[in-house]
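The values are calculated or read from the model by the stated rules, or taken from the named source; none is laboratory data. This one's a predicted model, so the numbers in the text were calculated from it and none came from an experiment. Reconstructed Cβ throughout: ideal geometry from the backbone, glycine too, with neighbour counts over all protein chains shown.
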Amino acid sequence: MRTTRIAPSVVLLLAIVAVSSATVRAQSERDRSQLRTVHGSVMDHSDNPIPNGVVYLLNKKTRTVRTYIADPQGHYQFSGLDPNVDFEIHAEYKHHKSSRRTISSFDDRRDIEINLTVATD
């Protein structure tokens with residue numbers, strides 16, 4: 001009867017792969033917990049909510065734009081934002097725009113509230 005031995009290098013390689021997988025999984029979970037959320041309301045100058053106002057979020061690194069249509073209470077939310085990137089946000093409603101606001105990568109808050117006021121007159 002013949003027995004085979006597993007070479008120590010194979011065992012070491014399997015151990016390295018197992019540890020690496022656990023490290024990558026832990027890193028991925030930690031990265032997700034570091035992502036930011038930006039939320040707020042779209043309002044007119046009298047602080048009335050503007051339902052269906054369109055909020056634009058510009059990633060200043062990639063120049064990609066995400067949009068969100070405000071709900072009936074004027075609320076919007078963007079989640080999963082990279083904390084190492086600057087963003088620019090503004091709202092539009094019926095050809096009127098709010099001022100542009102910058103969300104800096106130096107701002108260490110994970111939950112950022114920005115209310116956007118649109119001139120509707």
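Values as computed for the structure displayed
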| quantity | calculated |
| --- | --- |
| Those residues of region 82-98 which are closer than 18 Å to Y68 by Cβ and exposed (fewer than 11 other Cβ atoms within 10 Å of the Cβ), in sequence order | K94 |
| Candidate set from region 82-101 (those that are assigned to a strand (DSSP E or B) and free of Cβ contacts under 8 Å to residues at least 40 places away in the same chain); member that is farthest from the chain's Cα centre (by Cα) | H96 |
| Condition met for V38 (at negative phi and either modelled with pLDDT of 95 or more or of a type in the set (K, R) (or both)) | yes |
| Enumeration of residues in region 50-81 that are exposed (fewer than 11 other Cβ atoms within 10 Å of the Cβ) and in contact with a Lys or Arg (Cβ under 9 Å, 6 or more places away or on another chain) | S79, G80 |
| Failed item, numbered, when S79 is tested on (1) more than 17 Å from P49 (Cβ to Cβ); (2) in a loop (DSSP other than H, G, I, E, B) | (2) |
| Residue count, region 102-121 (criterion: touching a residue at least 24 places away in the same chain (Cβ under 8 Å) and in a loop (DSSP other than H, G, I, E, B)) | 9 |
